[in-house]
Each structure stands twice: as structure tokens, then as C-alpha cells.
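Please read the structure below before turning to the comments.
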Amino acid sequence: MHTSRRRRPGLIAGGVVVAALAALALMTGGTGIWADATQRDADGYVSTHSHLYASGTRAIATDSVTVGTEVPHWLFGKVRVETTSTKPVFVGIARKSDVDAYLARSSYASATKLDLDPFRVTYVPHAGGRVPGRPAAQRFWSASSVGSGTQALTWKVRSGEWSLVAMNADGSPGVSVQVAVGAKFPWVLWAAIGLVVLGALLAALAARMIYRGSGPRPYREARPAGGALKPV
């Protein structure tokens, strides 16, 4: 029995690809575990910093936020919106169609092109003279809060097209409120752990593939009719 180091480039290349996938899974899973351990608050939410949203109109409404129906409902988590203001402010989440009908022909601002780092928001104003009814009296809100100081609403995410609205509680113009948005997805930690485990398995597979591609191969002396040695 003899051994000879005969490289197999195809197996080595496959091992390199698997190693790259392992690194991606390990990094993603590790980041998820780190975020779960260090970025969550006592209630389990990962939140943005509080930022000021202000407009001289009667309301500030976000553009449509679409939650796809193809996403399984058990993957949906919760969203928390914390507001801080010196006067009573109403904040609500409702379907975009209901919000559009409620604010139609009244003055409001659509918050678009939101950047968080650094914070920047673009407002698109909508003119109108109609005075909408008090927001807290409307029945279409999926979740809402109202009051001065610090208030919070919690919303269980559902599929559809949604909009977040901030108004003075009495519907008067001149909205100014500090807003922080947080999210909680209980399955994220388990998904991160699963990615780390998968990454470790892929790393072991990659190491084996690269070793076999560059390691020794056994040769056995076998004399065919021609008298030459053949590897087996």
C-alpha cells in the first residue's frame, strides 16, 4: 500500500463555498444572540431611539406599511410605540384605507423617506379645510393610546396595509411628539441559535471536504496485463 497526495480541486472549491455559508450562518446567528442578550429592554423589545416628529398640520401619518399575507401568522411579533409630549396626543395604528378616508380633505403630513442614522424624515403636506372628528372617538383603530407625558401602545402585527397616525387629542393643528418604536419577535433567539448550530455543522463539513480534497489518497499495487501500477 502506498499513499500519494493528489489534490481534488472540485472538492476543495466545494469546501470553500460551504465554509463561506458556515461563516454567514455563524455571523448572523451570533449577531441575533448578541442583540437578544444586549439590546432588548426589560419587556423584551428592541427599540429605536426617541425622535421628534412635528408638523403644523392636524395629523402626521406614515406611508403604507405592508405586511404580506404570505408570511405565516405565527412569525408575527408585536410592535410597541412609545410617545412623549407635553400636551395630550393621540397615536393610533389602522388600516391605510381607513386612515386615508378619515384624513381626506383635511390638512395632514405624510412621513416618508425615514432614515434613523442619522435621523431624517421627509414630510409631504396635504392641504384641506375639513376638520376630522376626534381621533379617540373613531372605531377603526387596531391599537391606540392617548395622553400627555409618556404613553405606549402595543400592536400585534397582522397582515395588510397599515398606517401609524399621530394627532393632538382634540384634533387641533400643530402636532409635536417624540416617538420611539420597538419590536418583539419571540422566535428570533431560537432562530439565531439554530443558525449557530447550522453554521457549526457546515464548518465541520467544509473542513472535511477541504481535507479530503487536499489529503492523501491510498494506492495499492495492482499489476494488470500491461504490468503498470494502477491506483485503487
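Once you have the alpha carbon radius of gyration of region 114-154, what is it after dividing by 2.2 N^0.38 Å, with N set to its residue count?
After normalising by residue count via 2.2 N^0.38 Å, the value is 1.63.
Taking H placed 1.01 Å from N in the peptide plane, check which residues at least 5 places from TRP162 or on another chain put their amide H under 5 Å from its amide H.
VAL65, THR66, VAL67, LYS96
Under Stokes-Einstein, with the Kirkwood radius over Cα pairs standing in for Rh, what whole-number D in µm²/s applies to region 46-184 at 20 °C and 1.002 mPa s?
Calculated translational D: 141 µm²/s.
Points 7 angstrom from Cα along the Cβ direction at SER159 and LYS87: gap in nanometres?
Spacing of the two 7 Å Cα→Cβ label points: 4.2 nm.
For SER64 and ALA204, compute 0.36 nm times the residue count separating them, minus their Cα-Cα distance, and round to one decimal in nm.
My answer for the length gained is 45.9 nm.
Full-extension gain between SER142 and ASP170, please, as 0.36 nm times their residue separation minus the C-alpha to C-alpha distance.
8.1 nm
Only the coordinates and a few stated rules stand behind these numbers; no lab work does. All values reported here derive from a predicted model rather than from experimental measurement. In this analysis, Cβ positions are derived from the backbone assuming ideal geometry, glycine residues included, and neighbour counts consider all displayed protein chains.
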